[in-house]
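In what follows, a single structure is set out as structure tokens and then discussed.
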Amino acid sequence: MQRAWTRDIPDSFTHAITGSRGRRPDVALARHQHSDYRGRLADSGLDVISLSAEEAQPDCVFIEDAAVFLRDLLVATRPGAPARLAEVQSVLAAIDGHPLATIEDPGTLDGGDVMVMGGRVFVGLSERSNSDGIGQLKLFAADRGLETVVVEVSGVLHLKSGVLPIDAETVVVTPGTVDEGRLAGLRVIHEHPAERHGFSALPLPDRVLVTTSAPQTAGLVAEAGFEVDPIGVSEILAADGGLTCMSLIEPKHAQE
Ligand code: CIR
């Protein structure tokens, strides 16, 4: 069964790093939304494994930033926010059955900047992921037969804040966050202009989870032929998160 790891929300989540939204998340409501999210993953056929929260790590729910899968290879990242560096070890300790590679100092890399699409890995050069970290990832990717495409990110935290994978060849892009020329070969749907930064998505085995905060963009995704499943995650968005960052999903054929 395909596994998906999630991590619980600590009381300290109210002190999560928030760059852009300017309000503190409500922890009780965030926990309710997170439980709903885990339920949707399980409904979709994933084996959901919940890791415990760590009070000293306010952002630990954003588990995708701590590790990345490149096919069967598990890559331990080195988060660009110093306050988040300690999250990596406990996530690694919970995942068995994969060879491991590690991003080393002075490299930084957040999983939110890594998007594997078919035979390519798109990597965001962002305020969190630097050229050194991307260079290290590129070597690991090449070893797994994946081509790396570096995408400069502006005005948003991570690549997957502005470019949301829908399937292995389709993305929703917030215009102005990346040079879309870097996405050549992908099918691009633009976020509806009235919903700028409200959309997030996560492709699941039988559907695409989408945020309720961007219904018009979700409509465009549905029109493109996808089964969409809306979920409310206001408190996650308040902490600059989205739908990809609350889980680390094992690639379907990683262990075959
Ligand atoms: C942070 O600033 O690191 C967290 N508050 C949000 C991280 C969201 N991660 C993601 O989208 N991959």
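Bear in mind these aren't lab numbers, they're just calculated from the coordinates by the rules spelled out. Worth saying up front: this structure is predicted, and the values here are computed from it rather than measured. Neighbour counts are summed over all protein chains in view; Cβ atoms, including those assigned to glycine, are modelled from backbone coordinates with ideal geometry.
A straight chain from Glu152 to Glu104 at 0.36 nm per residue would run longer than the Cα-Cα distance by 15.2 nm. Here the dipole of the chain is about 220 debye; that uses its Cα centre as origin and unit charges on the Cβ of Lys and Arg (positive) and Asp and Glu (negative). Using a cut-off of 11 Å between beta-carbons, work out the net charge of the residues near Asp59 (Lys and Arg +1, Asp and Glu -1, Asp59 not included). Cβ neighbours under 11 Å give a net charge of -3.
Each semi-axis of the equivalent ellipsoid for the range 107-149 is √(5λ) with λ an eigenvalue of the Cα gyration tensor; in descending order they amount to 17, 11, 6 Å. Here the chain is treated as a sphere whose radius is the Kirkwood value from Cα pairs; by Stokes-Einstein at 37 °C and 0.692 mPa s it diffuses with a coefficient of 182 µm²/s.
Once the dipole of the range 72-124 is set up with Lys and Arg at +1 and Asp and Glu at -1 on Cβ about the Cα centre, which of Gly111, Leu73, Val121 lies farthest towards its positive end? Highest projection toward the positive end goes to Val121. Computed from the alpha carbon positions, the gyration tensor of the range 155-200 leads to an equivalent ellipsoid with semi-axes of 16, 12, 10 Å, biggest first. Once the chain from Ala42 to His190 is taken as fully extended at 0.36 nm per residue, the excess over their C-alpha distance is 50.4 nm. For the pair Ile49 and Leu85, label points projected 7 Å from Cα toward Cβ lie 2.6 nm apart.
Projected onto its three principal axes, the C-alpha set of the range 133-256 covers 40, 34, 29 Å, listed from the longest axis down. In the distance distribution for the range 5-72, Cα-Cα pairs more than 15 Å apart total 59 percent. Remark: C-alpha extents of the range 1-149 on the principal axes read 43, 35, 25 Å, sorted largest to smallest. Loop-located GluC sites (Glu not before Pro) in the range 54-87 (DSSP state not H, G, I, E or B) with no more than 10 neighbouring Cβ atoms inside 10 Å: Glu55.
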